[in-house]
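All of the numbers you see were taken from the coordinates with simple rules; none came from a lab. All figures in this text were calculated on a predicted structure; none of them were measured in a lab. Here the Cβ positions follow ideal geometry from the backbone for every residue, glycine too, while neighbour counts run over all protein chains shown.
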């Protein structure tokens, strides 16, 4: 495993503006650098870089979300959403929600911090990058986490999952 893990991308057509919003996710978790996932059916496990079996999910990690209006060539059929803000303004108003799953149980997780990285907010720009730091507390390695990217009105644009086992 690496400390930076691609989480995927989604293309969303913004109606009525006729532009595409590309959302890309990256998970940053230094604790996973050098860890190995050992697949063995119900005996699957994660071994840390120092050779010990990981029983707990890494407590701290971050999601890095890139929201871009640039014409990026991706092979995807866009979903669509009606938005009420100018697309460049929308980029700065995106919201994020984090959910943790333990089996079928779900819990909401508040981010430790949300930082706009790269271009400052006061400069008009067609791409924004956010780092959302998370502290999940004590959680078994079998838990799963999802970050949802939302419009200012609370509509889900996409989600990016994170699990290690």
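Details
- Measuring nothing but how far apart in sequence close Cα pairs (under 8 Å, 6+ apart) lie, relative to its length, the chain scores a relative contact order of 25 percent.
- For the range 97-113, the residues whose backbone nitrogen is under 19 Å from a point 7 Å from the Cα of residue 42, taken along Cα to Cβ, are 103-104.
- Antiparallel bridge percentage (DSSP; both residues within the range 9-165; nearest 5): 95 percent
- With a Förster radius of 45 Å applied to the beta-carbon distance between residue 142 and residue 92, the computed FRET efficiency rounds to 0.80.
- Centre separation in Å (Cα based) which lies between the range 107-165 and the range 1-39: 10 Å
- Structure-derived Cα extents along the principal axes in Å: which label, when the choices are (1) 51, 30, 30; (2) 79, 33, 21; (3) 46, 35, 29: (1)
- Diffusion coefficient of the range 69-165 by Stokes-Einstein, Kirkwood radius over Cα pairs, 20 °C, 1.002 mPa s: 139 µm²/s.
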